[in-house]
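The values are calculated or read from the model by the stated rules, or taken from the named source; none is laboratory data. The structure displayed is predicted, hence computed values, not measured ones. A quick note on method: Cβ atoms are made from the backbone with ideal geometry, for glycine too, and the neighbour counts reach across all protein chains shown. Quick note on the areas: whole protein, heavy atoms, side chains included, nothing else; ligands and nucleic acids left out. Shrake-Rupley method; radii C 1.70, N 1.55, O 1.52, S 1.80 Å.
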Amino acid sequence: MTSMTELTPSDFVIFGGTGDLAFRKLLPALFLRMSDGQLPPSSRVVAVSRAGLDDAGYRDKVGSALEEFVPAASEADIAHFLTRLSHVTLDIDEPSGWAALARAIEEGANPTRVFYLAVGPGLFGTICQRLADNYLVTPESRVVLEKPIGTDIESARAINDAVDAVFDESRVFRIDHYLGKESVQNLLVTRFANAVFEPLWNARHIDHVQITAAETLGVGQRAGYYDHSGAMRDMVQNHLLQLLCLVAMEPPSCVAGEAVRNEKLKVLEALKPLTGDDVAGAAVFGQYAAGTVGGTPVPAYVEELESGASRTETFVAIRAEVSNWRWAGVPFYLRTGKRLAARASEIVIQFRPIPHPMFPGEDAPSEPNRLVLRLQPDDSVQLHLMAKEPGPGGYRTRPVSLDLNFAQAFGAPAPEAYERLLMDVVRGNPTLFMRRDEIEAAWQWAQPIIEHHAASDLPPATYAAGTTGPMEATALIERDGRSWHESNV
């Protein structure tokens with residue numbers, strides 16, 4: 001096992017410290033990094049919320065969360081971690097309450113301060129300004145912003161302006177947890193550390209690309225937020241476009257600093273705009289009806305809302321194009337949805353078919369080669385090839401798969417994305433985070449699609465929960481003579 005390099009002692013100040021994200025992801029990630037010795041024992045966590053908890057009450061809640069979300073954690077490690085936690089009750093809109101936070105941070109302060117804003121984006125600017133007004137922003141401070149960064153390009157610019165007024169862009173880390181997944185980082189290694197793929201990574205050899213993020217869960221307790229967001233804002237504008245960028249970008253000079261982000265921006269700027277009638281032919285919006293998922297009956301989306309009626313999309317499929325020399329004519333099919341048949345996030349690179357079948361007795365064309373990078377539920381890379389079926393009597397070919405499962409290959413499960421990303425914040429490494437111009441370029445492409453759907457009189461296409469989505473999404477890709485790659489999870 002590779003030894004961990006101990007990082008700078010750091011203070012993590014989590015706004016929204018009693019929220020679901022903090023308990024499920026952020027605090028378990030920090031616990032694991034401290035337990036492994038990557039964060040020095042003097043590192044601290046200061047949680048900020050309106051919960052009215054004292055330190056002991058907050059530690060009790062965190063202890064229970066760690067027992068649930070890190071079941072292998074030892075009691076001794078949890079007890080040690082809890083001593084590093086404190087809680088400050090604060091109403092962000094009330095200036096007078098910030099003195100208590102200042103005292104909590106400055107008592108035993110560490111060189112690096114990470115302000116994690118696990119709150120709604122409407123509070124980002126206010127929090128940053130209050131931090132500045134109370135002299136809490138030091139030269140070694142960083143701020144982490146959770147998505148969404150706005151609801152359109154105008155609000156995104158306003159949020160970025162407010163944050164940049166306090167923090168230099170080099171100290172702003174806009175987080176997308178998809179970029180912290182081992183399989184996503186392995187996409188870069190697959191492309192740029194193996195001579196076999198990059199010469200084929202272009203329109204001459206690749207027929208099309210599919211990027212899918214499918215969930216079996218519904219909106220649940222997020223119904224209120226989700227109904228004002230929808231799948232386009234929640235998934236496509238950030239997660240799926242970021243994955244598209246990593247697939248389509250040109251080789252960077254190095255995987256460090258701004259090199260990767262510069263190349264991602266070029267892809268976003270090269271996306272063919274979809275406006276007006278183009279949207280109707282290239283995008284499908286769907287909404288789940290009642291159905292069965294994993295043998296359990298589940299309600300329709302509108303039944304989970306207090307209003308009982310909505311045109312918000314829970315499914316989107318889009319045919320996108322990158323207008324440059326490498327990718328001209330190659331469609332990128334993006335698909336995401338809730339209450340689908342299987343939970344799977346994956347990238348499928350489908351190569352062009354062979355130009356001429358040469359083996360005698362072939363009664364059907366060979367299946368095209370496919371490279372499948374699985375992000376969840378397991379991290380893996382599959383290469384689908386044609387092979388000769390064993391036995392005498394000529395050539396009988398059939399598809400086979402070379403399957404690399406990272407947990408099996410390396411003898412350990414992949415760490416959670418937030419573990420890697422939080423440590424990159426401490427390091428000051430921006431590679432796996434979104435830059436301001438990326439955010440705004442992504443909105444520039446996505447907003448006309450969102451506006452066209454909002455202005456349309458057509459309701460979202462209905463699909464039964466537990467299926468692969470609306471029939472219109474199948475028609476979208478089959479019009480091009482192609483079909484969706486369905487996971488066998």
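Below 11 angstrom from the Cβ of residue 389, what's the summed charge of the other residues (Lys, Arg +1; Asp, Glu -1)?
Values: positive: 388, 396, 398; negative: none.
Around residue 389, the surrounding residues sum to +3.
Hey, which of these cross-link pairs are over 23 Å Cα-Cα: 266/338; 25/181; 25/264?
266/338; 25/264
Among 308, 40, 271, whose Cα sits farthest toward the positive end of the charge dipole of the chain (+1 at Cβ of Lys/Arg, -1 at Cβ of Asp/Glu, about the Cα centre)?
With unit charges placed on the Cβ atoms, the residue in question is 271.
Can you spot the aspartates and glutamates whose alpha carbon is less than 16 Å from residue 272's alpha carbon? Ignore those fewer than 8 places along the same chain.
Qualifying aspartates and glutamates at Cα under 16 Å: 321, 438, 440.
What 222 nm value per residue comes from the helices of the chain, counting each DSSP H run with n ≥ 4 as -39,500 (n - 2.57) and dividing by all residues, nearest 500 deg cm²/dmol?
Mean residue ellipticity at 222 nm (helix-derived): -9000 deg cm²/dmol.
Kindly provide log₁₀ I(q)/I(0) values, in the same order as q = 0.15 Å⁻¹, from the Debye equation applied to equal alpha-carbon scatterers of the stretch 1-73.
Log10 of I(q)/I(0), two decimals: -0.52.
What FRET efficiency comes out for residue 140 versus residue 266 if R0 is 35 angstrom and r is the Cβ-Cβ distance? Round to the nearest 0.05. Show your work: numbers first, answer last.
Values: r = 31 Å, r/R0 = 0.89.
Once rounded, the FRET efficiency stands at 0.65.
Tell me, what is the FRET efficiency for residue 72 and residue 196 to the nearest 0.05, using R0 = 56 angstrom and their Cβ-Cβ distance as r? Kindly include the intermediate steps, with their values, before the conclusion.
Values: r = 38 Å, r/R0 = 0.67.
Efficiency at R0 = 56 Å is approximately 0.90.
For the stretch 441-489, what ratio Rg/Rh do Cα atoms give with a Kirkwood hydrodynamic radius?
1.05
Mind grabbing the accessible area of residue 323 for me, 1.4 Å probe, Å², rounded to tens?
70
Using a 1.4 Å probe, how large is the accessible area of residue 484, given in Å² and rounded to the nearest 10?
30
What residues from the stretch 289-313 fall in the zone where the backbone N is under 19 Å from a label point 7 Å along the Cα-to-C-beta line of residue 462?
Zone members listed by number: 289-293, 297-313.
Which of the peptides 293-299, 153-159, 444-450 is most tightly packed, and how do the rest follow, judged by the mean count of other Cβ atoms within 10 Å per residue? If you can, show how the numbers build up before the last one.
Details: 293-299: 13.3, 153-159: 17.1, 444-450: 19.6.
Averaged packing, sorted descending, gives the order 444-450, 153-159, 293-299.
In bins 10 Å wide, starting from 0, what share of all Cα pairs of the stretch 1-145 does each bin hold, as a percent?
11, 44, 35, 10, 1
Where in the stretch 179-220 are there trypsin sites (Lys or Arg not before Pro) that are in a DSSP coil and have at most 15 other Cβ atoms within 10 angstrom of their Cβ?
For trypsin sites (Lys or Arg not before Pro) across the stretch 179-220 that sit outside H, G, I, E and B with at most 15 neighbouring Cβ atoms in 10 Å, the list reads 204.
Leaving ligands, DNA and RNA out of it, report the carbon-plus-sulfur percent of the accessible area of the chain at a 1.4 Å probe. Walk me through the intermediate numbers first.
Values: 11560 of 21600 Å².
Solvent-exposed carbon and sulfur of the chain make up 54 percent of the total.
Within the set of other residues whose C-beta is less than 10 Å from the C-beta of residue 203, count the net charge using Lys and Arg as +1 and Asp and Glu as -1.
On the way: positive: 204, 326, 352; negative: 207.
Every neighbour counted, the sum reads +2.
Show log10 I(q)/I(0) for the chain at q = 0.05, 0.09, 0.11, 0.13 Å⁻¹, two decimals, from a solvent-free Debye sum over equal Cα scatterers.
These q points yield log10 I(q)/I(0) values of -0.21, -0.67, -1.00, -1.36.
Give me the 1.4 Å probe accessible area per residue for the chain, excluding ligands and nucleic acids, in Å². All intermediate terms of the calculation are to be shown ahead of the outcome.
Working: 21600 Å² over 489 residues.
For the chain, the per-residue accessible area is 44 Å².
When all alpha-carbon pairs of the stretch 363-489 are counted, what percent fall beyond 25 Å? List each step's numbers first, then the result.
Numbers: 4765 of 8001 pairs.
In whole percent, the long-distance tail amounts to 60.
Rolling a 1.4 angstrom probe over the protein chains, ignoring ligands and nucleic acids, what is the accessible area of residue 471 in square angstrom, nearest 10?
Number for this one is 140 Å².
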